[in-house]
Amino acid sequence: MTVERFTTTWNYPAQIRTGAGRVRELPEACQALGMRAPLLITDPGLAQLPMVEQALSGCREAGLHCAVFSEIKGNPTGKNVLDGVAAFRDGNHDGVIAFGGGSGLDAAKAVALMARQREGLSLWSLEDVGDNWKSADSDAIVPIVAVPTTAGTGSEVGRASVITDEQARIKRIIFHPRMVPAIVFLDPALTVGLPPSITAATGMDALSHCMEAWCSPNYHPMAEGIAVEGMRRVRDYLPAVFVDGENLEARQHMLVASMMGATAFQRGLGAMHALAHPLGALYDAHHGTLNAVLMPYVLKANESAIGEPMVRLGRYLDLRQPGIGPVIDWVLDLRERLGIAHTLAELGIDAIQADKVGQMAVVDPSASSNPVPFDANQYRDILISAVEGRL
Ligand SMILES: [Zn+2]
C-alpha cells in the first residue's frame, strides 16, 4: 500500500491538509490567510533543525517576510508569551506559524491571541474560567497556520493553550474559541525523526484525551464518536510507530488520532489532566508521560461512574471481554510495550506534596468534567496510589 492515498484535505474541524510532504504548501497557506509577514514560533530545539530552515526558506522564496521566535520553555511560561508578543509587534508581523510539539503550538496560539489585544489586558485574565474569554477582542486575534511535529497534544485544533504562571507555579489554561488555527498540516514526514520515548509519551497523551473525553458525563455524541475511533487508531498504530519510527502510514494515523483527541475533548477532560497539570508545574515532568502513568489509576478511581462507557469501549476495541477490567489490562499492556513507567515514583515524583497536588487538582478546569466529582482528598489518594503503584 502506498501512503499517497493519505494525501487529502478536510474542512473539519479546521482546514486539515494531510499527507507526507504537504508542508511544502505552507507559504501558500499563509498567503491564503492574508499573511505577508508571518512569525514562525517554535521551540529552541526544533529551531536548529533543517525542517524549520526549509519552512522558512520556502516562505521567503514565496515573498513572505518571515522571522523566527523560539525563546520558549518545554512548559511555556507567561513570560515566553509576552516576549513572543513583543517580537511580533517589533517585527510588524501579521500572522503566526505555530510549528512544533505542544509547547511550540501552545505558545504560538497564545501569542496570536494576545498580539493585538488592547494594552492592559493580561494573559491570565483569559484563563478558562466562566466567560473570561469574552473580555478579549475576537477580531484582534491574528491568523494561525499550525504544523504539529509530534502526535499527541492535538493543540493544532484546540481552543486553548496551557501556559505556566511562573509566579504562582501553576499551569493555567488560556481559552478563546477563536484561537483555533485556520489551516493545519498533518504531515507525517515531520514526525519520523521523533525518538521512540517521545513518540510513546505523546501518543499516550492523545489516548488520554480520547479516554477522558469518552468518560466525560457531558452530552456531546459527536465527540464520543471521534474519541472512540481515536482510541482504535492508537491501539492499531502507536505500537507500530514505536518500533518503526519511519512507518509513514502509522505516523499519519497517529497525527490524525492526536487531532481527534483534541477535537473530542471539547466534551471535557478529567482527573488524569487535573493531576497532570499540577504535577507538570511542580516537577516539570513530561505531560504525556504523566497522563500515561496516571491513566489506569484514574480509570480505577472512576470505576463506579464509567461502567457503561467501558463496556462499549471494550466492544469497539475488540477486547476479550467488554468492561473496565479488560480496558485497564489493555492500557497496562500498551504502556508496558511502550516502555512507560508504572509508577510516578519512577519519574522521580514522591508523595511529599500530595496534599498540595490534591488541592491544585480539584480546582483545575479539567476536574469539572471528571465522571466522579472527586474532592481534594480523593485526588491526593489517587496520586499516592500512582506514586506507590497500588492499583
Ligand atoms: Zn494532554
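The values are calculated or read from the model by the stated rules, or taken from the named source; none is laboratory data. This structure is a prediction, so every number in the text was calculated from the model and none was measured. Cβ: placed from backbone, ideal geometry, glycine included. Neighbour counts: every protein chain shown. Calculation scope for accessible area: heavy atoms of the full protein, side chains included, ligands and nucleic acids excluded. Shrake-Rupley method; radii C 1.70, N 1.55, O 1.52, S 1.80 Å.
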Exercise for the section: Look at ALA367 and say whether it is in contact with a helix residue (DSSP H, G or I) (Cβ under 8 Å, 6 or more places away or on another chain) and within 28 Å of ASP128 (Cβ to Cβ). Expected result: yes
Exercise for the section: Could you please tell me which pairs satisfy a Cβ distance under 6 Å, a separation of 6+ or placement on different chains, a first residue in the stretch 233-252 that is farther than 14 Å from MET204 by Cα, and a second residue that is open to solvent by less than 50 Å² (accessible area, probe 1.4 Å) and modelled with pLDDT under 95? Expected result: LEU248/VAL3; GLU249/VAL3; GLN252/PHE6
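Out of all the residues in the stretch 259-266, is one or more over 18 Å from ASP128 (Cβ atoms) and either within 16 Å of the chain's Cα centre (by Cα) or surrounded by 24 or more Cβ atoms within 10 Å (Cβ to Cβ) (or both)? Show your work before the answer.
At the first step, the residues of the stretch 259-266 found to be over 18 Å from ASP128 (Cβ atoms) are 259-260.
With the extra rule that they be either within 16 Å of the chain's Cα centre (by Cα) or surrounded by 24 or more Cβ atoms within 10 Å (Cβ to Cβ) (or both), the set shrinks to 259-260.
Yes, the stretch 259-266 contains at least one residue that is over 18 Å from ASP128 (Cβ atoms) and either within 16 Å of the chain's Cα centre (by Cα) or surrounded by 24 or more Cβ atoms within 10 Å (Cβ to Cβ) (or both).
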Fill in the blank from the handout: Going through the stretch 277-311 in order, the residues found to be within 16 Å of the ligand (Cβ to nearest atom) and without any contact (Cβ under 8 Å) to a residue 60 or more places away in the chain are LEU290
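Matching residues to (1) open to solvent by 10 Å² or more (accessible area, probe 1.4 Å); (2) more than 17 Å from HIS253 (Cβ to Cβ); (3) among the small types (Gly, Ala, Ser):
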| residue | (1), (2), (3) |
| --- | --- |
| ARG172 | yes, yes, no |
| PRO177 | yes, yes, no |
| PRO181 | no, yes, no |
| ALA189 | yes, no, yes |
| VAL192 | yes, no, no |
| PRO195 | yes, yes, no |
| MET211 | no, yes, no |
| TRP214 | yes, yes, no |
| MET222 | yes, yes, no |
Practice task
Tally the residues that are open to solvent by 70 Å² or more (accessible area, probe 1.4 Å) and assigned to a helix (DSSP H, G or I), restricting the search to the stretch 3-31.
Solution key: 5
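Name the single residue that is nearest to HIS277 (Cα to Cα) among those in the stretch 151-162 being polar (S, T, N, Q) and open to solvent by less than 20 Å² (accessible area, probe 1.4 Å).
Taking the stretch 151-162 and keeping what is polar (S, T, N, Q), we get 153, 155, 161.
Applying the additional criterion that residues be open to solvent by less than 20 Å² (accessible area, probe 1.4 Å) yields 155, 161.
Working: SER155: 15, SER161: 12 Å.
Checking each candidate, the answer is SER161.
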Problem - Criterion (touching a strand residue (DSSP E or B) at 6+ places or on another chain (Cβ under 8 Å), open to solvent by less than 50 Å² (accessible area, probe 1.4 Å) and either assigned to a helix (DSSP H, G or I) or farther than 24 Å from THR153 by Cα (or both)) met by exactly one of ALA351, ALA276, ALA281 - result: ALA281
Practice task
Go over the candidates GLY307, GLY323 one by one and state the one that is farther than 28 Å from VAL241 by Cα and either buried (at least 16 other Cβ atoms within 10 Å of the Cβ) or of a type outside the set (A, V, I, L, M) (or both).
Solution key: GLY307
Handout entry: Filtered residue count, the stretch 100-137, keeping only those that are loosely packed, with under 15 Cβ neighbours inside 10 Å, among the polar types (S, T, N, Q) and not in a loop (DSSP other than H, G, I, E, B)
Key = 2
Exercise for the section: Would you check which residues across the stretch 160-211 are closer than 20 Å to THR263 by Cα, part of a loop (DSSP other than H, G, I, E, B) and touching a strand residue (DSSP E or B) at 6+ places or on another chain (Cβ under 6 Å) and list them? Expected result: PRO181
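Kindly check whether there is at least one residue in the stretch 195-202 that is away from the ligand (no atom under 15 Å from the Cβ) and free of Cβ contacts under 8 Å to residues at least 60 places away in the same chain.
Residues of the stretch 195-202 away from the ligand (no atom under 15 Å from the Cβ): 195-197, 199.
Within this subset, residues satisfying the condition of being free of Cβ contacts under 8 Å to residues at least 60 places away in the same chain are 195, 199.
Checked the stretch 195-202: at least one residue is away from the ligand (no atom under 15 Å from the Cβ) and free of Cβ contacts under 8 Å to residues at least 60 places away in the same chain.
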Fill in the blank from the handout: In the stretch 319-348, anything of a type in the set (Val, Ile, Thr) and either free of Cβ contacts under 8 Å to residues at least 24 places away in the same chain or not in a helix (DSSP H, G or I) (or both) is listed as ILE340, THR343
